[in-house]
Every structure is written in C-alpha cells, then in structure tokens.
Amino acid sequence: MLIKKTPDILSSEITDSRLYFGRRRFMREAATLALAASLPTRLLADKPTWLNNISPSDFSTSEQPNSYSDITTYNNYYEFGTGKDQPQHQARNFNPWPWQLKISGEAEKTGTYNLEDILAGRAMEERIYRLRCVEAWSMVIPWVGFPLGELLKEFLPTSRAKFVEFVTLNDPSRMPGQKTRVLQWPYREGLRIDEAMHPLTILATGLYGEELPNQNGAPLRLVIPWKYGFKSIKAITEIRFRETAPNNSWRQSQPGEYGFYANVNPEVDHPRWSQARERRIGAGIFAPKQETLMFNGYADQVASLYAGMDLKRNF
Ligand SMILES: Nc1nc2c(c(=O)[nH]1)N[C@H]1C(S)=C(S)[C@@H](COP(=O)(O)O)O[C@H]1N2
Ligand SMILES: [Mo]
C-alpha cells in the first residue's frame, strides 16, 4: 500500500528535524485524502491533542539524536519477530487504538481506563535520552512523554506499594511473535517504587514529535534511561502496584544473564560478553566503539537510589 511505504522512503533521507516535521504533515494530509474510507478515525485526525504542545526537557542529553530511520528500523520487540529488522514490517498493521490501560493492586484508585482519556490534556515533554541495549549497542532518541511518577500518584498508591509491575498486551492474533515460545507471554517488567517515581523515568507516547511508531511500542511504553533497554517495556496494558518484587520476562527466561535491576554498568559484564563499550547505531561500521558510562551517563541523578548495594550481586 502506497501510504504505508511512504515513511520508509522519506525517513531514509531525513537529517533535519524541521524538514522531517514538514514532510510528516504532508504525509498526514495525503493519508487523509487517500484512505479516508479505510482507516479508523484516530489515525486520520491531525496530531492527537496530547502531541500539540510539547516542551523541551532539561533532562535531555546534548548528544545528537539518531535518525528517525535508525530508531524505527533497528528494534527489539519479540512480539513482532526476533530479528531487529522484523518489527518495522510485522507491526505495520497493528492498530493500537482504542487502548485500555488497567491499573491494579495496592492503590486506592484502580480500574480500567481508556488511554485517550488518560492522555488528553496532559503536558508532554521532548526528552532526548540515550538507550543502551544489553547487546552493547546504543542510540539517542528524542522521546515524547511524561514522568511515570506523575501518573502513578493519581491512583493514590498505598503504603504497601513497594514495587510496580508492567504488562504488555497479550494477543497472539495481533502480535504474531506471541505464537512462538521465545519468551513467556505477556512480556512483563518491574521497578522498585522509588525507581518508578524517579523523574527520569517516563512513559513515552511519541518520538520525533509524532505518535510512537508501532515498532517502538505504541501506544505507550516505558523509558528508563539508566537501565538496559529490556526494562523499557512496550505496549503497556496493565500497571500493577505490588508489595512484593515482580519478576521480569528476561530474568524469568535466563536468570543467570538478566537481573531485576539491569542498571547499565560497564563493570558488570553479561556472562557472554563485555559491557564496557558500546556501538552507536548509525555511526558507521568503521566508527570506534565508545566507552559505556555508569548508569548510562545518568549517575549524578540516580546513583543515590542504590547507595550501599552491591551492584555485582544486584545486577
Ligand atoms: N513488550 C516488549 N517490550 C520490549 C521488548 C520486547 O521484546 N517486548 N524489547 C526490549 C528491548 S531488549 C529493548 S533494547 C527495547 C528496544 O526499544 P526500541 O526498539 O524502541 O529501540 O525495547 C524493550 N521493550
Ligand atoms: Mo535490549
């Protein structure tokens, strides 16, 4: 289909973000004309209201962001295939709207909410964060999102809420990778409540000023910039406040290789490879690897969360 192909062709040439936004607007208009009869209303509308006012964030890094093409064609998202180039294709026809978000567990307000209602009128920020995968590659991504803690507080967690668990949509008919057993579905993640409340932890609803592409976790994904990428769970459909520590999918699958904390740490190697250096996606195959920074460069903000802990044991 013509319209679905357009982003790939355009994004490969994009370097300047203003050019990018102009083209995206053009594409939206073209999509409205061409597919008015066949697309759900949500997709046809101009930007969703919550993407109309995005302010830059003081938490952003000053590093140069990766291109839109890098960010949307090199993905880890096993619900849509285990290859990095698969999610862009296999998630193409996934329509996230309407989306339900369930809030459960140790909070005064629980229930199932319409995500559009949760996002409507909410202030969004652009936060340019490094993403460091456990596989020793990295990217810099201009996320659009808002602090997770801000949302969590609205549900009035009780004093028993010591941890937060996140669950991805479980629907093999819409997520073909869930028909295979590479992981136990649905994908799950967890944070300690103080990690979840930390101002660097965000829920992302977009990138490069636009709605989150499906392959990056539409409509809602977590971004925790000081932890390995697998903690940043995509397509979140449930948030549960818990008294006890939840397990997380990669730790459940290979507990010797993946821990609960998963803090980026150049001194603690993965059992099968070093974590001391990283390869920046898009830098070119001859570019030298760069040193990985403790807590992915966010040590000043987050090291105090782990004061007194043995980070080799709590990896
Ligand atoms: N539901 C779900 N979330 C997920 C994954 C996944 O397979 N399923 N992969 C994780 C991993 S390993 C990484 S590195 C990041 C990649 O995010 P990106 O594709 O937006 O760069 O998503 C994380 N979130
Ligand atoms: Mo990852």
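Which of the residues belonging to segment 211-254 are among the acidic types (Asp, Glu) and either surrounded by fewer than 20 Cβ atoms within 10 Å (Cβ to Cβ) or within 13 Å of ligand 2 (Cβ to nearest atom) (or both)?
The first filter runs over segment 211-254 and keeps only residues among the acidic types (Asp, Glu), leaving 211, 238, 243.
Matches in segment 211-254: 238, 243.
Listed by first and then second residue, the pairs linking a residue in segment 229-245 that is part of a loop (DSSP other than H, G, I, E, B) to a residue that is away from ligand 1 (no atom under 16 Å from the Cβ), with Cβ atoms under 7 Å apart and 6 or more places separating them unless they lie on different chains, are 243/106; 243/160; 243/162; 244/163; 245/163.
For (1) assigned to a loop (DSSP other than H, G, I, E, B); (2) out of contact with any Ser or Thr (no Cβ under 9 Å at 6 or more places or on another chain); (3) of a type in the set (S, T, N, Q); (4) surrounded by 11 or more Cβ atoms within 10 Å (Cβ to Cβ), each residue gets a yes or a no:
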residue: 284; (1), (2), (3), (4): yes, yes, no, no
residue: 288; (1), (2), (3), (4): yes, yes, no, no
residue: 296; (1), (2), (3), (4): no, no, yes, yes
residue: 302; (1), (2), (3), (4): no, yes, no, yes
residue: 308; (1), (2), (3), (4): yes, yes, no, no
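When residue 84 is tested against (1) closer than 22 Å to residue 227 by Cβ; (2) in contact (Cβ under 8 Å) with a residue 24 or more places away in the chain; (3) within 15 Å of ligand 1 (Cβ to nearest atom); (4) within 17 Å of the chain's Cα centre (by Cα), exactly one condition is not met: (2). Considering the conditions (1) in contact with an Asp or Glu (Cβ under 9 Å, 6 or more places away or on another chain); (2) under 20 Å from residue 138 (Cα atoms); (3) part of a loop (DSSP other than H, G, I, E, B), residue 278 is excluded by exactly one of them, (3). The set of residues in segment 70-99 that are more than 14 Å from ligand 2 (Cβ to nearest atom), surrounded by fewer than 19 Cβ atoms within 10 Å (Cβ to Cβ) and within 20 Å of residue 138 (Cα to Cα) comprises 70, 85, 86.
Could you count how many residues in segment 178-207 are hydroxyl-bearing (Ser, Thr, Tyr) and closer than 19 Å to residue 228 by Cβ?
Our first condition is that a residue be hydroxyl-bearing (Ser, Thr, Tyr); within segment 178-207, this holds for 180, 187, 201, 205.
Adding the requirement that they be closer than 19 Å to residue 228 by Cβ leaves 187, 201.
Summing the residues that are hydroxyl-bearing (Ser, Thr, Tyr) and closer than 19 Å to residue 228 by Cβ in segment 178-207 gives 2.
Take residue 125 and tell me if it is in contact with a Lys or Arg (Cβ under 6 Å, 6 or more places away or on another chain), over 30 Å from residue 273 (Cβ atoms) and either at pLDDT 95 or above or more than 16 Å from ligand 1 (Cβ to nearest atom) (or both).
Taking the combined requirement at face value, the residue does not satisfy it.
Out of segment 232-245, which residues are of a type outside the set (A, V, I, L, M) and either at pLDDT below 95 or more than 15 Å from residue 193 (Cβ to Cβ) (or both)? Answer for segment 232-245, where residues must be of a type outside the set (A, V, I, L, M) and either at pLDDT below 95 or more than 15 Å from residue 193 (Cβ to Cβ) (or both): 232, 234, 237, 238.
Only a single criterion out of (1) small (Gly, Ala, Ser); (2) within 16 Å of ligand 1 (Cβ to nearest atom); (3) in contact (Cβ under 8 Å) with a residue 60 or more places away in the chain is not satisfied by residue 105, namely (2). Residue pairs whose Cβ atoms lie under 7 Å apart, separated by 6 or more positions or on different chains, with the first residue in segment 205-224 and among the charged types (D, E, K, R) and the second within 16 Å of ligand 2 (Cβ to nearest atom), are 221/204; 221/232; 221/233; 221/234; 221/235.
Residues that are among the polar types (S, T, N, Q), touching a residue at least 60 places away in the same chain (Cβ under 8 Å) and either under 19 Å from residue 78 (Cβ atoms) or in a loop (DSSP other than H, G, I, E, B) (or both) within segment 132-169 comprise 158, 168, listed in sequence order. Checking each residue in segment 180-207 for being more than 12 Å from residue 147 (Cα to Cα), more than 10 Å from ligand 1 (Cβ to nearest atom) and surrounded by fewer than 24 Cβ atoms within 10 Å (Cβ to Cβ) picks out 180, 181, 184, 190, 192, 193, 194, 206.
The values are calculated or read from the model by the stated rules, or taken from the named source; none is laboratory data. As the structure is a computational prediction, the values presented were derived from the model and not from experiment. Cβ: placed from backbone, ideal geometry, glycine included. Neighbour counts: every protein chain shown.
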